[in-house]
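The next block holds one structure in the form of structure tokens; read it before the comments.
Taken together, the values in this text are just the output of simple stated rules run on the coordinates, not laboratory data. Keep in mind it's a predicted model, so treat the numbers as computed, not measured. Neighbour counts are summed over all protein chains in view; Cβ atoms, including those assigned to glycine, are modelled from backbone coordinates with ideal geometry.
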């Protein structure tokens, strides 16, 4: 057993393989970018195949290979389950599943794990039943959790070598030019899928909307695509567009949002041309609403918003408050409509968004990011992966990517949730190291990371209540008592890879009642 | 000395290295795509450099390396000469120049060749003084002529390994997101440059128009760019936008155009949704004008135009006669304006356009292409490279790419030019093999390639005068007499690489008077 700089225990075997986390910018790699295998397609040859079964066979998929999917269809996705069912029927075993993330709707993969079809997984997150199953120890090998930027890095550096990518697209032509912004199953940006298409050896586009050549705009170009399969439906539009533009009415969340908005406005980064990212949670949405008011009042317009986009930010773009949106994932119907209709709502790949190993990711130029947390500890480490019971239910997402790279990272978190403290001595699982977190905002006030002496200076005399992170933790513990330690088993069920490829934490098995 | 299937002599050393041309679709390669070297750019680091000199030094450019440029600025380009001058001043020698093409304006490279700065060249073409200098034998190593698709293939398969790409862009941000459609030096599509940016180890964007981040639309993404240098001017807008929309009034050219238009309309490919490409010459423009009349008359709209685009085709798009334009190079001011303003005038890379080694190029789906020729021979082989004096003055361009891949390739050519026959027994230099050419159109009528028995059947009873290619040649020779054979020297000054990487011809030194 090794212990990394954050004091997190990592089994020696994995410590040796991945290296231990040292610092958010410890690694500045130089390497030759990985690349795909190509077989030329000549005039007269067609890429259209009759069925998913046919295309699996023709792709050459074999035992032990790696398959990938994107999660732009969220809870409406039909593609992963459709394809994995056919793969299972064909008797192919021992696959690595390298989805950009895994949703509740992908529960059938539990059976594929039990049947030996899937024996390794890498993903940004694992929700509900799949997360619980993984935490209960159904896999022999630990799942590797990667951030969105970290996944792109792993693919481009060859840590993940995708043999066959099965990529759903709501609009596609016979040669594979594909986008997600048009068609009945539109999901908006195909930012994650673009990376897979570029680096996978075989690329299959699965569509329910075959259009005349050439299909534009082109998110995935034909020269990255081997096969096209048309199916009746690639997803449920309601599940795809999930996440309505709903503002929170919870007074605690509104208070957090108001404080966070003040932190932004009083920071040195709130000036014409500033950039920001805000997620899809209720509080984050409310922050954007408060921020908008101040932007109008003070006539401060943003240069760009990055994301992970919601309808609210797209409206701000349409109203002229945000010049450009660069979008790797469209969270809701409003964002999906916006990327279709607005020229300056521009799709980017997950690599351009956040890959720490490339020639410069967009997060590097981000001023402000507003993020959520399941837990924050007194070292400012953040957990967005495991619940207070230690069970996997979250996603790494772009959390550590944006927190590390932005100039001001703000965590929104109540001090307690129900009977559970949110500000704690030690988070169950570290996704983002404390050094990346600048300000924690709660309903009673904020805590600024002592590393940011400049911010502490800046906020002297601010009207926002300020505490140390220890004081916030004491408040939380005084309300709900000290948390019970979780009874973990010995078995490691997930490795938390930091965006640079090192291991920042490991998650052990939890025996559930 | 080896002799290929077309009877062309290839020195053994090069025959061994490249292989001999066999057939237009002889090679269907499977390979791992080449890739670039990457050094990560971390938050806080800048890509901006003060001068071209600084960036050459920092790029690590050394003796014996390969540098590349694009030719989207045509006769208005300042970038190549600016950069090569600094390289020469730094004393770097023995470079390979891998420009997408070389224009008249690049005459200073003659001095760089003589001084040993440049010792190898690969390019689509060589014009005027540079072509004449190469033909006179100033280089020890032969220039390698590649088609646009062939160049992309060579880069992606690793035959050309670019160490440093210096890419001019008329609009760019601090992180290197670049396009050619905006700014005072706009050149339209950056289709050639996109390939270099993706595969070169070091990529420098040179711009005279630094804009706020993020610059959209993004032709070259930041994650392919290492450095950005701002200069006063990257080109002369008049030279960049050269090629006015001027219709020919030459009665011979108009007659050729009228026959060509009839060939298209009477062919089986003229139907709703058809696709075509037509070049920028006077006759090609006139073909498009005649074709437009018939399209309106018969209510036949095109699915897409591919190119190499001119203003005339862009107007047809704006008038609803062409649904989509996919554009790897914008030939004139009208095309440059169009790609900026029309969503469905869409930029594509040279690889997507015509690379015969990728997962399917756009030319594969092209119905009709209209091409020019310096010479056509009785085997239908076409020369667009050397003049009747044997001197290099042309460019391979997309000629062999589109001719091979399209369903109907039409060559526009008068039977004589001045006192020189154009239809000959044997072309001086083969760029496109006869098997790729379907119909030769002259001012006295057409010749259909005997290989196309289907077309011969189709045109039985047509009102277009028809001849055998031998008859056309006899006509030409009867007017101007048999051409004098060219007195070539022994030295090979250029290798003509077919799009698949094999050698289709070699050009020898010519002693000029």
Here the Kirkwood hydrodynamic radius of the protein assembly as shown, Cα-based and in Å, equals 30.2 Å
The Cα radius of gyration of segment A:315-443, divided by 2.2 N^0.38 Å with N its residue count, comes to 1.16
Least to most buried among A:458, B:508, B:172, A:314 (fewest other Cβ within 10 Å first):
A:458, B:508, A:314, B:172
10 Å binning of all Cα-Cα separations within segment B:46-191, expressed as whole percents from 0 upward:
11, 41, 38, 9, 0
Where does the protein assembly as shown land at 222 nm, in deg cm²/dmol rounded to the nearest 500, when only DSSP H runs of n ≥ 4 count, each adding -39500 (n - 2.57), divided by all residues?
-8000 deg cm²/dmol
Mind checking B:321-333 for the average number of partner chain beta-carbons within 10 Å of each residue's beta-carbon?
1
What nm distances, shortest first, do you get from the label point of residue B:456 to those in the other copies when the point sits 7 angstrom along Cα to Cβ?
9.1
Could you work out the equivalent-ellipsoid semi-axes for segment B:68-135, taking the square root of 5 times each eigenvalue of the Cα gyration tensor, largest first, in whole Å?
17, 14, 11
I need the inter-copy label distances for residue A:62: point set 7 Å along Cα to C-beta, values in nm with one decimal, smallest first.
4.0
Largest-first semi-axes in Å of the equivalent ellipsoid built from the Cα gyration tensor of segment A:166-205 are 17, 12, 7
Cβ-vector label at 7 Å, residue B:484, separations to other copies in nm:
10.4
Counting other chain Cβ atoms within 10 Å of each Cβ in A:351-363 and taking the mean gives 6
How big is the convex hull of the Cα atoms of segment B:251-482, per residue, in Å³?
121 Å³
Computed over chain B, the relative contact order (Cα-Cα under 8 Å, seq sep at least six) in percent reads 17 percent
Over the Cα atoms of segment A:159-242, what is the Rg over Rh ratio if Rh follows Kirkwood?
0.95
Give me the extension gain from residue B:94 to residue B:63: residue separation times 0.36 nm, minus the current Cα-Cα distance, reported in nm with one decimal.
10.6 nm
Rg and Dmax of segment A:1-126, Cα atoms only, in Å:
18.6, 60
Segment B:1-48: proportion of alpha-carbon pairs further apart than 18 angstrom, %
60 percent
How do the peptides A:74-80, B:17-23 rank, highest first, by the average count of neighbouring beta carbon atoms within 10 Å per residue?
A:74-80, B:17-23
Label zone at residue A:140, where the point sits 7 Å out along the Cα-to-Cβ direction: segment A:1-44 residues whose backbone N lies under 18 Å
A:13-14
Nearest 10, in degrees from 0 to 90: the angle of helix A:79-89 to the longest Cα principal axis of chain A is 50 degrees
Averaged over B:25-38, how many beta carbons belonging to a partner chain fall within 10 Å of each residue's beta carbon?
5
Relative contact order of segment A:8-103, defined on C-alpha pairs under 8 angstrom at six or more residues apart (%)
30 percent
When you take every Cα atom in chain A, what is the radius of gyration, and what is Dmax, the widest Cα pair distance, in Å?
22.3, 73
Compute the whole-percent fraction of alpha carbon pairs in segment B:410-513 spaced more than 19 Å apart.
54 percent
Could you tell me the relative contact order of segment A:47-230? Use alpha-carbon pairs under 8 Å, at least six residues apart, and round to a whole percent.
24 percent
Sequence ranges A:408-416, B:84-92, ranked by mean other-Cβ count within 10 angstrom, highest first
A:408-416, B:84-92
Express in whole angstrom the spacing between the alpha-carbon centres of segment B:388-449 and segment B:295-334.
24 Å
Most to least packed among A:223-233, B:96-106 [average Cβ atoms within 10 Å]:
B:96-106, A:223-233
How far is the Cα center of segment A:59-100 from the Cα center of segment B:467-513, in Å?
56 Å
Note the angle between two axes, namely the Cα long axis of helix B:282-298 and the longest principal axis of the Cα atoms of chain B, as a number of degrees from 0 to 90, rounded to the nearest 10.
70 degrees
Among chain A residues, which Cβ is nearest the axis of the A-onto-B rotation, and at how many Å?
A:35, 2
Calculate how steeply helix B:469-480 sits against the longest principal axis of the alpha-carbon atoms of chain B, using the helix alpha-carbon long axis, and give the answer as 0 to 90 degrees to the nearest 10.
90 degrees
